[in-house]
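The values are calculated or read from the model by the stated rules, or taken from the named source; none is laboratory data. All figures in this text were calculated on a predicted structure; none of them were measured in a lab. Virtual Cβ from ideal backbone geometry, glycine too; neighbours counted across all protein chains shown. With ligands, DNA and RNA removed, areas are computed over all heavy atoms of the protein, side chains included. Shrake-Rupley method; radii C 1.70, N 1.55, O 1.52, S 1.80 Å.
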Amino acid sequence: MTPGPLNLITDIAGLRVGNAQDLRLNSGCTVLTGDAHFVASVHVMGGAPGTRETDLLAPDKTVAAVDALVLSGGSAFGLDACSGVMDALRARGRGFRVGPAIVPIVPGAILFDLLSGGDKDWDQNPYAALGRAAFEAAGTSFDIGTAGAGTGALTAMLKGGLGSASLQLEDGTMVGALVAANPLGSVTTPGDRHFHAAPFEINDEFGGFGPDPTSGQGLEVTSRKGSLIADRANTTIAIVATDAALSKAQCHRIAVAAHDGIARACLPAHTPGDGDLVFGLSTGSKPEGNPGLIGHAAALCLSRAIARAVYEARPQPSDVLPCWCQQNP
């Protein structure tokens, strides 16, 4: 397995990602869409998810494909980003057709960044406009770190962010991950230098410092967020994708497998205060691959994407936590 040319989820042909953020707000959203609709499912392992239209992604539900997926900051307010994406899709004539009606299918998930700094005293919910702007900005190249849904994200000890990574399997199948990392847990070991995901790093993509040589990791759980944020304001929300043709049930299985990537990169993970969620999707542009191997690759990509999100985060005036780059100049 080797990373794709961009080391982004958009190494999968036909997928595009767009970001929109408001640095005064210290929040934003990220939209993944495609040249055509795609098969998708979802799996939730956190105790506090915030979602829209995810029930229809269960393998037994009628809708067979979706038009876009949204990751957003803003807690429950951020779910309105999906409305902006729906408006943009409808304007382009894209969606599920019922007679003359067109209904774009746009599931989404949110993270809590309302206490992460920035001016949240708005008169009108800003997320619909951010969602539409992110959709309109979608392309194969996009920023990671302090961008999109990761703009106001926090980990236990450091600023979080938006991350992505990819892998190409030996049979040519491409797998990728996109994540907004805002976990209760820490992404780095004590000292803020080494990433928990270090054993899975490729080509020094998050610094090349290797695994922490000390033993007994995970026994001490500390947070700079403070008790209010640490207890109630967390979530790692992600998308894993492949170009191999998979059914809705198989997309669900790769989403399940990809949660291992969260657990390897964030300690602790899947807590009652996290909303940890992974969408799994297939563009179906290539023949069916090996779902077990695809799920394994998806977990590897997701661990790497989480570390890249934190590694690439950059400071902003309203920050409440330091960035990795500030702790490791």
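If you project the alpha carbons of the range 107-234 onto the principal axes, what extent comes out on each, in Å, largest first?
Cα extents, longest axis first: 50, 45, 22 Å.
As an exercise, identify the chymotrypsin sites (Phe, Trp or Tyr not before Pro) in the range 159-248 lying in DSSP coil whose Cβ has no more than 15 other Cβ atoms within 10 Å.
Working: sites: PHE195, PHE200, PHE206, PHE209; in loops: PHE206, PHE209.
In loop regions of the range 159-248 (DSSP not H, G, I, E or B), the sparsely surrounded chymotrypsin sites (Phe, Trp or Tyr not before Pro) are PHE209.
For q = 0.07 Å⁻¹, what log10 I(q)/I(0) does the chain give under the Debye formula with an equal point scatterer on each alpha carbon and no solvent?
Ignoring solvent entirely, the Cα scatterers give -0.23.
Extending each Cα 7 Å along its Cβ direction at LEU6 and ALA91, get the distance between those two points in nm, one decimal.
For the pair LEU6/ALA91, the computed spacing is 2.2 nm.
Could you give the Stokes-Einstein D for the range 1-137 in µm² per second, using the C-alpha Kirkwood radius, 4 °C, 1.567 mPa s?
Details: Rh = 15.7 Å.
Roughly 83 µm²/s, to the nearest whole number.
Round to the nearest 10 and report in Å² the accessible area of LEU111, as given by a 1.4 Å probe over the protein chains' heavy atoms.
Only protein atoms counted, so the area is about 0 Å².
How many angstrom separate the Cα center of the range 1-77 from the Cα center of the range 143-188?
About 12 Å separates the Cα centre of the range 1-77 from the one of the range 143-188.
What figure, in Å² to the nearest 10, do you get for the accessible area of GLU312 with a 1.4 Å probe and non-protein molecules left out?
Approximately 60 Å² for this residue.
Could you give the length gained on full extension between ASN290 and ASP212, defined as 0.36 nm per residue of separation minus the Cα-Cα distance, in nm?
Values: separation 78, 0.36 × 78 = 28.08 nm, distance 3.29 nm.
Computed gain between ASN290 and ASP212 is 24.8 nm.
What is the extension gain from TRP122 to THR140, computed as 0.36 nm multiplied by their sequence separation minus the C-alpha to C-alpha distance, in nm to one decimal?
Net length gain for the segment: 3.3 nm.
Give me the extension gain from VAL221 to GLN326: residue separation times 0.36 nm, minus the current Cα-Cα distance, reported in nm with one decimal. Write out the running numbers ahead of the final one.
Working: separation 105, 0.36 × 105 = 37.80 nm, distance 2.17 nm.
Value of the extension gain: 35.6 nm.
Quick one: compute the contact order of the chain, relative version, from alpha carbon pairs under 8 angstrom and 6+ residues apart, as a percent.
Details: 977 pairs, mean separation 82.5, N = 329.
Contact order relative to length: 25 percent.
Leaving out ligands, DNA and RNA, what percent of the accessible area of the chain is carbon and sulfur, probe 1.4 Å?
On the way: 6450 of 12360 Å².
The computed percentage sits at 52.
With a 1.4 Å probe and every protein chain left in place, tell me how much accessible area THR222 has, in Å² to the nearest 10.
Rounded to the nearest 10, the figure is 70 Å².
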